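Report on the following structure.
The values are calculated or read from the model by the stated rules, or taken from the named source; none is laboratory data. None of the values given here were measured: they were computed from a predicted structure. Quick reminder, even Gly has a Cβ in these numbers, built from the backbone with ideal geometry, and neighbours come from all protein chains shown.
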Amino acid sequence: MTMPLERNTTGTAVITSTFTLNLGGFVETTTQSVRLTVTPASSVVLPIQDVVQTLHPNPASEELQIRFASKRIEDTKVSMVNMLGQTMMMQTAPRGSEGMTMNIRTLPSGTYRVVLQDSRGMATTQLVVVR
């Protein structure tokens, strides 16, 4: 299914499928629906070294220290995204920030993408959380 969207718009689609299973005279019909929501995101991928000077420790277990390559000229959203694509944590570094500390004690062990995003684009790097 294709759902064209104007730039910077949000759209929702519901996909419904019906399955019929015939097992030797026993017929069962099941209908499943999935709702997809598309939201605008920055499509420009920035080199991580242009956004982050240091990110440590990695692997981490309690806190993550992020030092930006330059003062943030606008609010920057920092998200922890697991390997299933689920946003597990999000904080905002306010305009003027030179760095931030994220408390990651509630994150389960695993590999995460650290996604930094503002109106100019987004940058990603990887973080390993160990317990």
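Quick notes
- Test result for Ile66, of a type outside the set (Gly, Ala, Ser), closer than 12 Å to Met102 by Cβ and in contact with a strand residue (DSSP E or B) (Cβ under 6 Å, 6 or more places away or on another chain): yes
- Restricting segment 11-39 to residues that are exposed (fewer than 10 other Cβ atoms within 10 Å of the Cβ) and within 30 Å of Ser119 (Cβ to Cβ), the residue that is modelled with the highest pLDDT: Arg35
- The selection criterion, being surrounded by 11 or more Cβ atoms within 10 Å (Cβ to Cβ), of a type outside the set (Phe, Trp, Tyr) and at positive phi, does not hold for Gly96.
- Among residues of segment 17-34 that are in a strand (DSSP E or B), those with a Cβ under 6 angstrom from a residue that is among the aromatic types (Phe, Trp, Tyr), sequence gap 6+ or separate chain, pair up as Thr30/Phe19.
- Count of residues meeting criterion [in contact with an Asp or Glu (Cβ under 9 Å, 6 or more places away or on another chain) and not hydrophobic (A, V, I, L, M, F, W, C)] in segment 98-131: 6
- Tally, over segment 47-65, of residues that are assigned to a strand (DSSP E or B) and within 19 Å of Arg120 (Cα to Cα): 2
- Test: Leu84 is surrounded by 15 or more Cβ atoms within 10 Å (Cβ to Cβ) and either under 17 Å from Asn58 (Cβ atoms) or hydrophobic (A, V, I, L, M, F, W, C) (or both): no
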